[in-house]
Amino acid sequence: MVASASAGVVSFIVADLIIIPILLIYRRCYGTAMAVRIFGAFYAALAGRWVRHRVRVRPSRADPDQRNAKVDQLGISWNYTTYLNIAVLVVAAALVVRFVRTGGVPMLRAIGGDP
């Protein structure tokens, strides 16, 4: 299972690096030829992990076909995660209020330009 999880994690991280907006940034910063090489290297890493998973992990049956997970809790409950979420929302709201009160909105308008 560890190999399966690591293949998924690596693929997820590498896939985030080859989306079109980031490829355009690579092209602008490094030139088209280098952007194509970066794309090729990241894609090779992504495909390589997938092939390794298919060749090594699947035949060993370390990655089960059926999942037998059971959900114990079907309702909403108050736990530490709920309290942490509320605390983060309070801090975020305080930061937004501070941003607005200290002139953040006019500053953003002054920046202007197209996104």
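Residue by residue, here is whether (1) over 24 Å from Ile13 (Cβ atoms); (2) surrounded by 13 or more Cβ atoms within 10 Å (Cβ to Cβ); (3) at pLDDT 85 or above holds:
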residue: Tyr26; (1), (2), (3): no, yes, yes
residue: Gly31; (1), (2), (3): yes, no, yes
residue: Met34; (1), (2), (3): no, no, yes
residue: Tyr43; (1), (2), (3): no, yes, yes
residue: Thr81; (1), (2), (3): yes, no, yes
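Residue check, Val71 against (1) under 28 Å from Phe12 (Cβ atoms); (2) at pLDDT 85 or above, all met but one. Which one?
Among (1) under 28 Å from Phe12 (Cβ atoms); (2) at pLDDT 85 or above, the lone unmet condition for Val71 is (2).
Which of (1) surrounded by 14 or more Cβ atoms within 10 Å (Cβ to Cβ); (2) modelled with pLDDT of 75 or more is the odd one out, the single condition Asp63 does not satisfy?
It fails just one condition, (2).
The values are calculated or read from the model by the stated rules, or taken from the named source; none is laboratory data. For clarity, every value in this text was computed on a predicted model and none was experimentally measured. We place every Cβ from the backbone using ideal geometry, glycine too, and count neighbours over all the protein chains shown.
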